[in-house]
Amino acid sequence: EARALEVALEAEKHAAVTGSAAGRLDPGTRATRTIREYAPVFLRHHQVEGNTKDTYSDTLRLHVLPFLGGCRLAETDRTVARNYVTALVEGGRSANTIRQAKVVLGAMFGMAVADGYLDYNPFHDVKIPKVPGRRAIKIATREQYLKVRGCLPTKSAQVFSTLLVSSGIRFCEAIGLQPADFDFETGILEVARSVVKVSRQHHPR
């Protein structure tokens, strides 16, 4: 209780100096709110595309809350951030997963700083393992591609594969194509949109 009061008083001082919107929050809430409690607030207000918000939600559920869910925002510091990264490494998480977790937590604590829960973002400069560089891409020969194409189950699938291979467009762009995007007289294909899967929870409509 004494520590919670101390944190609350510090948060009030910070809010008075910065004019933060958190000055209107209850001091007890600022002192005791946990990462698990703050996560829905962050997801609601963080402005990203719906499919990106889905990724953030999954990262929080799978890789953040099991480790840090009970930690108080106001008491999360660089030591907590460093220990968290070490726990992910020792738990066998990939470098890409750790990078994604840092991105999400960096955004969350950026919002928490703006809200007045703490004075700095503890995940801003935490060191993480390097993501390995891409290996050289092996390109299939014409004969190899035709062999794979011949194994596809339908004529439509074969035509679709030819479109992907001959144009170089991404899958999400290919499934977003519409008849008006094809100009057969000039031989030009306009890529004007892409299609992604978004959960009902985070879809804008």
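The values are calculated or read from the model by the stated rules, or taken from the named source; none is laboratory data. Only a predicted model underlies this, so the values are computations on that prediction, with no experimental measurement involved. In this analysis, Cβ positions are derived from the backbone assuming ideal geometry, glycine residues included, and neighbour counts consider all displayed protein chains. Heavy atoms of the whole protein, side chains included, go into the accessibility calculation; ligands, DNA and RNA do not. Shrake-Rupley method; radii C 1.70, N 1.55, O 1.52, S 1.80 Å.
Projection of the Cα convex hull of the chain, averaged over all directions and equal to a quarter of that hull's surface, yields 17.3 nm². With all protein chains in place and a 1.4 Å probe, the accessible surface of region 58-197 carries 56 percent carbon and sulfur.
Roughly what angle does helix 95-115 make with the longest principal axis of the chain, taking Cα atoms, 0 to 90 degrees, to the nearest 10? Roughly 50 degrees between the two axes. The distance from the alpha carbon centre of region 45-107 to that of region 133-205 is 33 Å, rounded to a whole number. Along region 156-172 the Karplus relation, 6.51 cos²θ - 1.76 cosθ + 1.60 evaluated at θ = phi - 60°, assigns HN-Hα couplings of 4, 5, 5, 5, 4, 5, 5, 4, 4, 5, 7, 9, x, 6, 6, 4, 5 Hz to successive residues, with x for each Gly and Pro. Per residue, the accessible area of the chain comes to 67 Å², computed with a 1.4 Å probe over protein heavy atoms only.
The phi torsions of region 131-147, fed into the Karplus equation with coefficients 6.51, -1.76 and 1.60 and a -60° offset, translate into couplings of 7, x, x, 6, 7, 4, 7, 8, 8, 5, 6, 4, 5, 5, 5, 4, 5 Hz, rounded to whole numbers, with Gly and Pro shown as x. If R0 equals 30 Å, the separation of the Cβ atoms of ALA2 and ALA87 corresponds to a calculated FRET efficiency of about 0.55.
Qualifying trypsin sites (Lys or Arg not before Pro) in region 89-182, where qualification requires a DSSP coil assignment and no more than 13 other C-beta atoms within 10 Å, comprise LYS127, LYS130, ARG134, ARG135, LYS138, ARG170. Taking the Cα centre of region 132-205 as origin and assigning +1 to Lys and Arg Cβ atoms and -1 to Asp and Glu Cβ atoms, the resulting dipole is close to 600 debye. Straightening the chain between SER94 and HIS203 buys 36.4 nm, computed as 0.36 nm per residue apart minus the Cα-Cα spacing. Helical runs assigned H by DSSP (4 residues or longer) give the chain a calculated mean residue ellipticity at 222 nm of -16000 deg cm²/dmol, each run adding -39500 (n - 2.57) before division by the residue total. A 1.4 Å probe over all protein chains sorts TYR117, TYR145 by accessible area into TYR145, TYR117, starting with the largest. When +1 charges are put on Lys and Arg Cβ atoms and -1 charges on Asp and Glu Cβ atoms, the dipole computed for region 67-164 relative to its Cα centre reaches about 880 debye. With angles folded into 0 to 90 degrees, how steeply does helix 2-18 sit against the dominant principal axis of the chain? Use alpha carbons for both and round to 10. With rounding to tens, the tilt is 70 degrees. Straightening the chain between SER166 and VAL195 buys 8.5 nm, computed as 0.36 nm per residue apart minus the Cα-Cα spacing. Calculate the FRET efficiency for ASP77 and ILE175 from the Cβ-Cβ distance with a Förster distance of 41 Å, rounded to the nearest 0.05. Calculated transfer efficiency: 0.35.
Using DSSP loop states and a limit of at most 16 other Cβ atoms within 10 Å to flag GluC sites (Glu not before Pro), what is the longest stretch of the chain containing no flagged site? The reported range is 50-184. Charge dipole of the chain (Cα centre as origin; +1 on each Lys and Arg Cβ, -1 on each Asp and Glu Cβ, all else neutral): 840 debye, rounded to the nearest 20.
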